[in-house]
Amino acid sequence: MKDISDWRDEIDRIDREIVGLLNERARAVLQLAPLKQQANRAVHDPEREARVHNNLRNANAGPLPDESLDSVFETVMAEMRALQRDLIEK
């Protein structure tokens with residue numbers, strides 16, 4: 001049976017995986033930024049973000065409620081937009 005320390009180690013491992021995936025997402029977003037700029041498209045695309053939320057909700061099997069997942073990804077997408085804007089403004 002796992003104790004508190006074991007569960008904390010597991011959470012730390014999962015957190016490292018999340019960091020890796022967020023950075024993988026960021027690299028993809030940075031590749032997308034120049035394409036958006038060339039196509040004269042805005043960094044912020046509310047329709048695309050709505051599709052992202054729908055995709056996430058469809059993939060969500062819980063126990064995290066959809067609303068919590070939406071909140072987490074609002075922050076993720078805001079940070080990704082900031083990365084794109086920083087790259088485009090350079």
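Only one entry in Leu56, Leu32, Leu21 is surrounded by 11 or more Cβ atoms within 10 Å (Cβ to Cβ) and out of contact with any Phe, Trp or Tyr (no Cβ under 7 Å at 6 or more places or on another chain), namely Leu32.
Taking the conditions exactly as written (of a type outside the set (Val, Ile, Thr) and touching a residue at least 12 places away in the same chain (Cβ under 8 Å)), does Ala50 satisfy them or not?
Numbers: of a type outside the set (Val, Ile, Thr): yes; touching a residue at least 12 places away in the same chain (Cβ under 8 Å): no.
No: the conditions fail for Ala50.
Could you pull out the residue among Gln31, Gln37 that is in contact with a helix residue (DSSP H, G or I) (Cβ under 7 Å, 6 or more places away or on another chain) and among the polar types (S, T, N, Q)? Outline the logic, then answer.
Numbers: Gln31 fails: in contact with a helix residue (DSSP H, G or I) (Cβ under 7 Å, 6 or more places away or on another chain).
That would be Gln37, the only listed residue that is in contact with a helix residue (DSSP H, G or I) (Cβ under 7 Å, 6 or more places away or on another chain) and among the polar types (S, T, N, Q).
Taking the residues in the range 16-40 that are within 18 Å of the chain's Cα centre (by Cα) and in contact (Cβ under 8 Å) with a residue 24 or more places away in the chain as candidates, determine which candidate is farthest from Glu89 (Cα to Cα). Per the stated criteria, the residue is Leu22.
No lab work stands behind these numbers, since they all come straight from the coordinates. Not measured: the values here are computed from a predicted model. Please note: Cβ atoms are built from the backbone with ideal geometry, for glycine as well, and neighbour counts cover all protein chains shown.
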